[in-house]
Amino acid sequence: MSIATVNPTTGETLVNFAPLTDAEIESKLALAESAFKTYKKTDFTTRSNWLNQAATILERDKAKFAEIMTLEMGKPLKSAIAEVEKCALVCRFYSEKAPEFLADVSVSTDASSSYVSYQPLGIILAVMPWNFPFWQVFRFAAPALMAGNVGILKHASNVPQCALAIEAIIREAGFPQGVFQTLLIGASQVGAIVEDERVKAATLTGSEPAGASLASIAGKSLKKTVLELGGSDPFIVLETADLEAAVKIGTTARMLNNGQSCIAAKRFIVSESIGDQFEQALIAQFKALKVGDPMKEDTDIGPLATPAILKDIEQQVQKAIDHGAKVLVGGESIESNGNFYPPTILTNIEPDSDVAKEEFFGPVAMVFRVKNLDEAIDLANSTSFGLGASGWTNNSEEQEKLIKELEAGAVFINGLVKSDPRLPFGGIKRSGYGRELSIQGIQEFVNIKTVWIK
Ligand code: NAP
């Protein structure tokens with residue numbers, strides 16, 4: 001995939017970037033290595049000040065950064081602005097909390113003093129996707145830099161201007177040169193960087209094949225990885241749920257980011273007794289969404305990020321129809337030069353079919369009906385994913401059972417699955433491993449050093 005800005009609304013290629021040469025990569029790695037030697041000795045107050053300054057820059061220029069995102073990957077401008085604000089929030093969060101999260105922990109032993117000390121590892125590689133092109137990077141960079149690591153970013157090939165803007169923000173905030181660098185490279189250039197001795201660990205957010213490839217190379221080099229991969233989150237609606245809220249929030253949970261979110265509600269699993277009511281209300285909500293130019297204030301759904309994603313969605317929906325699925329709304333691409341696909345609802349999908357277990361990375365909802373809670377949980381757990389899950393019920397026993405039995409990295413009751421700097425984020429099963437955000441996130445890429453003094 002070439003590194004370029006291609007406007008998904010019009011199909012027009014706006015800028016092409018040449019991938020870095022091996023010599024250019026070498027000089028960036030050398031710079032990162034030398035930056036780490038001094039950066040690791042800076043104190044929390046200094047790093048906090050720089051990270052707060054990054055937050056200030058994000059807030060100051062949020063309209064500009066949001067426009068770059070919308071231009072490169074098509075999310076509605078209003079959600080792009082919200083994304084920049086959330087990046088500022090995560091910077092301020094770690095700026096305040098890192099000293100507490102990484103403070104020495106005293107432990108009583110046979111020593112006169114023994115404790116746990118958290119120390120930086122060195123260069124951490126972040127391979128990031130295009131769907132939240134600012135947020136995914138800042139949720140890695142804020143804790144990594146506060147911990148004293150230095151970062152190198154391989155961003156998705158369709159968001160190069162976002163990647164360059166993020167590097168510029170971090171530099172303007174005051175972080176020394178080389179502490180955070182963007183490497184404009186293709187996926188095939190990642191392996192050699194993972195193997196490089198100076199690179200100590202890697203994190204990847206993206207698809208299963210990309211995660212498996214990076215992790216296997218890192219595994220051979222005995223390097224730690226954190227993987228945030230795909231999901232097909234269930235959204236379970238039971239009889240006692242507030243149906244109106246479930247339908248409204250379920251629509252948001254499915255449609256956020258033009259349907260291209262790892263934690264989107266992708267499978268609606270609904271009690272049979274409220275099935276008709278739920279479906280009718282969901283159809284009404286989906287029909288009311290405005291598809292169009294993501295730069296416009298009143299647009300709800302913009303184009304998919306690339307023609308390849310559009311093609312994938314078209315093929316998946318067709319496959320579902322071929323296997324007996326019924327289309328309640330949408331189901332056919334919109335004629336245009338951009339990558340537009342309408343909000344779509346599929347029912348009548350065989351729960352054991354391949355389609356039911358796939359991730360739909362676009363504005364397509366699958367609706368299933370179940371007889372009882374056990375059936376709902378079995379269906380929810382029947383995919384290889386385990387990222388998030390949302391359960392809707394006002395019965396406390398049902399809530400308890402959902403919390404205990406859903407196979408997911410996060411369970412949200414009567415709310416949509418979302419990331420929050422205060423809470424850990426990540427998956428189980430083929431959705432990946434490791435955690436980002438909160439105290440768990442900042443402790444992923446540190447040397448947890450045991451200290452024992454006689
Ligand atoms: P992708 O193709 O895996 O791309 C993600 C990143 O990995 C890009 O920077 C890409 O570079 C790079 N990459 C691709 N193949 C690689 C390889 N073999 N080795 C090293 N790097 C490689 O993912 P996508 O299809 O764009 O993103 C959608 C997927 O990401 C969905 O499954 C979604 O659920 C998941 N996702 C997960 C989370 C989470 O937090 N769990 C968040 C967002 C998205 P190029 O662009 O150059 O190919």
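Every number in this text was worked out from the coordinates using simple rules, so none of it is lab data. Given the structure is predicted, the values throughout are model-derived calculations rather than measurements. Note that each Cβ is placed from the backbone with ideal geometry, even for glycine, and that neighbours are counted across all protein chains shown.
Tabulated values for the structure
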| quantity | calculated |
| --- | --- |
| Ascending count of other beta-carbon atoms within 10 Å, so fewest first, for 164, 71 | 164, 71 |
| Radius of gyration and Dmax over the Cα atoms of the chain, both given in Å | 22.5, 75 |
| Relative contact order (percent, whole number), the chain, Cα cutoff 8 Å, 6+ residue spacing | 19 percent |
| Using alpha-carbon coordinates, inclination of helix 208-220 to the longest axis of the chain, degrees | 30 degrees |
| Rg to Rh quotient for region 126-213, alpha carbon positions, Kirkwood Rh | 0.93 |
| Over region 233-413: Kirkwood hydrodynamic radius from C-alpha pairwise inverse distances, Å | 16.4 Å |
| Crossing angle, helix 243-255 versus the chain [Cα axis fit, 0-90 degrees, rounded to tens] | 60 degrees |
| Neighbour net charge for residue 48 - beta-carbon separation under 11 angstrom, K R +1, D E -1 | +1 |
| Calculated SAXS-style log₁₀ I(q)/I(0) at q = 0.14, 0.16, 0.21 Å⁻¹ - region 189-314, Debye, Cα scatterers | -0.78, -0.89, -1.14 |
| Charge-dipole axis of region 233-413 as Lys and Arg at +1 and Asp and Glu at -1 on Cβ define it, positive-most pick from 394, 338, 238 | 338 |
| Förster radius 35 Å - calculated FRET efficiency between residue 332 and residue 375, Cβ distance, rounded to 0.05 | 0.65 |
| For residue 363, net neighbour charge (Lys/Arg +1, Asp/Glu -1) across residues whose Cβ lies under 11 Å away | +1 |
| Convex hull of Cα atoms in region 49-170, direction-averaged projection (nm²) | 8.2 nm² |
| Around residue 76: net Lys/Arg minus Asp/Glu count, Cβ-Cβ under 11 Å | -1 |
| Pair residue 454, residue 290: separation of 7 Å Cα→Cβ label points (nm) | 7.6 nm |
| Exposure proxy order (Cβ contacts within 10 Å, fewest to most) of 2, 419 | 2, 419 |
| Between helix 396-405 and the chain: long-axis angle, C-alpha atoms, 0 to 90°, nearest 10 | 60 degrees |
| Charge dipole (the chain, unit charges on Cβ, about Cα centre) - positive-most of 277, 218, 259 | 218 |
